[in-house]
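Below: the structure, in structure tokens.
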Amino acid sequence: MAKLRVGVLASGGGTNLQSIIDTSKKGEIEAEVVVVISDKKDAFALERAKKSGIKTVFVDPKLYSSRELHENAIVKILEENKVGLVCLAGYMRLLTDHLIGKFENKIINIHPALLPSFPGTHGQADALNYGAKVAGCTVHFVELEMDAGPIIAQAAIPVLEGDTVESLSKRILEQEHKLYPKAIDLFAKGKLKIKGRRVKIND
Ligand code: GRF
């Protein structure tokens, strides 16, 4: 069976991208990253992709007069590369209807907290400061509202005495690197069915 063609959108370091590339290369998932797109010229994620011989595109938001036009450019690249799944991996922009409408139920994201608790850009710090005893990460389908789509998979870890934002984030990230490829593989194998808010996994 042909591997699922994945497009990754990333703004930062790209350690999640790396875990997808690595598991794909090892044949652990039925998916391959065919293009990496960033809104940041110097995102290290682009370097990681280049090193693995994957096509990269920097789509400069400054060149477009609206978010929609910026997304149109991204949609064009995803379509040209025949992408079947879009993975957000540290992509720091809210998506609009343009992108979400073109890839309905084909965009997923990883968030460093156990949603619906602690959405937003500081999930790990918010969990720690709140005093949560359990933290973790979530892979979910993307909807217009931030960090709100149906949940595909979650991994939980204990918050330890003496944890700092850094130590907790590091342990959550280790979980992210395992969880995201697994979720992508389930999608690739057609095992995910969305029923309202629930995602049924046909294993
Ligand atoms: C991760 O913590 C992810 O959950 C969040 O952004 C961070 C990206 O890290 N959405 P990286 O660029 O994959 O290293």
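The values are calculated or read from the model by the stated rules, or taken from the named source; none is laboratory data. None of the values given here were measured: they were computed from a predicted structure. Cβ: placed from backbone, ideal geometry, glycine included. Neighbour counts: every protein chain shown.
Miscellaneous remarks
- Condition broken by LYS62, with the remaining ones in (1) without any contact (Cβ under 8 Å) to a residue 12 or more places away in the chain; (2) closer than 30 Å to ALA127 by Cβ; (3) of a type outside the set (S, T, N, Q) satisfied: (2)
- Yes/no for LYS189 being of a type outside the set (Ser, Thr, Tyr), surrounded by fewer than 18 Cβ atoms within 10 Å (Cβ to Cβ) and in contact with an Asp or Glu (Cβ under 9 Å, 6 or more places away or on another chain): yes
- Meeting the requirement of 3 or more residues that are away from the ligand (no atom under 14 Å from the Cβ) and touching a residue at least 24 places away in the same chain (Cβ under 8 Å), the helices (runs of 4 or more DSSP H) wholly within segment 94-203 are 97-102, 165-188.
- Test set (1) farther than 23 Å from LEU69 by Cα; (2) buried (at least 17 other Cβ atoms within 10 Å of the Cβ); (3) acidic (Asp, Glu) - GLU47 fails condition number: (2)
- Note on segment 75-93: residues that are aliphatic (A, V, I, L, M) and in a loop (DSSP other than H, G, I, E, B) total 3.
- Yes/no for HIS98 being at pLDDT 95 or above and closer than 19 Å to MET146 by Cβ: no
- Filtered residue count, segment 96-112, keeping only those that are within 24 Å of ILE172 (Cα to Cα) and touching a helix residue (DSSP H, G or I) at 6+ places or on another chain (Cβ under 7 Å): 5
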